[in-house]
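Below is one structure, written out as structure tokens; comments come after it.
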Amino acid sequence: MNPENASGYAVFIIGENKMRVSIRVSNHHANANKYLENFQNDFNLSIMVSKRYRKNTFQSHPEVTLTEYVYIGRQLEKVESPFSKIAIALAEFLKTGEYVDTTGVAKVNVSPEPTD
């Protein structure tokens, strides 16, 4: 992942069906439009970690499958070993293709936006 930018991206091929996924780690919300330009994947996962609450600026796009888990410092302070839990969840995601928030404090943004 590129540590020179505010967001780091990596693309992986996982599972028996060779699903193409991207993982983004950042300190700000994702914009699904950027995935149209750079990441034509089966699934995109964004992990946002911020010291303090930020206004939700997540931007969805109807053609991009993206789920963003947002972790804020104050909530993470209540969790034992939060970064270890996030790392373990990421490792499981790479094995199974499913990310499960084991901290219990993440807020979730989804693209495309769900229809009721």
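The values are calculated or read from the model by the stated rules, or taken from the named source; none is laboratory data. Every value quoted in this text rests on a predicted model; they were computed, and no experiment measured them. Glycine gets a Cβ as well: all are built from the backbone with ideal geometry, and neighbour counts include every protein chain shown. Calculation scope for accessible area: heavy atoms of the full protein, side chains included, ligands and nucleic acids excluded. Shrake-Rupley method; radii C 1.70, N 1.55, O 1.52, S 1.80 Å.
Could you list, in sequence order, all residues of the range 9-18 that are open to solvent by less than 60 Å² (accessible area, probe 1.4 Å) and either in contact with a Lys or Arg (Cβ under 7 Å, 6 or more places away or on another chain) or modelled with pLDDT of 85 or more (or both)?
Initially, the range 9-18 is screened for residues open to solvent by less than 60 Å² (accessible area, probe 1.4 Å), giving 10-11, 14-15.
Hits for the range 9-18 are A10, V11, I14.
Which of (1) touching a Ser or Thr at 6+ places or on another chain (Cβ under 9 Å); (2) more than 16 Å from S7 (Cα to Cα); (3) not β-branched (V, I, T) is the odd one out, the single condition L45 does not satisfy?
The one condition L45 does not meet is (2).
Take the residues in the range 34-67 that are modelled with pLDDT of 90 or more and touching a His at 6+ places or on another chain (Cβ under 7 Å); name whichever of them is nearest to A87 (Cα to Cα).
Filtering first and then ranking leaves M48.
Restricting attention to the range 4-29, and to residues there that are assigned to a loop (DSSP other than H, G, I, E, B) and over 23 Å from K95 (Cβ atoms), which single residue is farthest from the chain's Cα centre (by Cα)? Steps first, answer last, please.
So in the range 4-29, the residues assigned to a loop (DSSP other than H, G, I, E, B) come out as 4-6, 15-18, 27-29.
Applying the additional criterion that residues be over 23 Å from K95 (Cβ atoms) yields 4-6, 27-29.
Working: E4: 19, N5: 16, A6: 14, N27: 11, H28: 11, H29: 9 Å.
Among residues in the range 4-29 that are assigned to a loop (DSSP other than H, G, I, E, B) and over 23 Å from K95 (Cβ atoms), the one farthest from the chain's Cα centre (by Cα) is E4.
Right, I72: modelled with pLDDT of 90 or more, aliphatic (A, V, I, L, M) and closer than 16 Å to Y9 by Cβ or not?
Working: modelled with pLDDT of 90 or more: yes; aliphatic (A, V, I, L, M): yes; closer than 16 Å to Y9 by Cβ: no.
For I72, the condition - modelled with pLDDT of 90 or more, aliphatic (A, V, I, L, M) and closer than 16 Å to Y9 by Cβ - is not met.
Test I72 against the stated conditions and say whether it is in contact (Cβ under 8 Å) with a residue 60 or more places away in the chain, β-branched (V, I, T) and either open to solvent by 20 Å² or more (accessible area, probe 1.4 Å) or closer than 18 Å to V110 by Cα (or both). Break it down stepwise before answering.
Numbers: in contact (Cβ under 8 Å) with a residue 60 or more places away in the chain: no; β-branched (V, I, T): yes; either open to solvent by 20 Å² or more (accessible area, probe 1.4 Å) or closer than 18 Å to V110 by Cα (or both): yes.
For I72, the condition - in contact (Cβ under 8 Å) with a residue 60 or more places away in the chain, β-branched (V, I, T) and either open to solvent by 20 Å² or more (accessible area, probe 1.4 Å) or closer than 18 Å to V110 by Cα (or both) - is not met.
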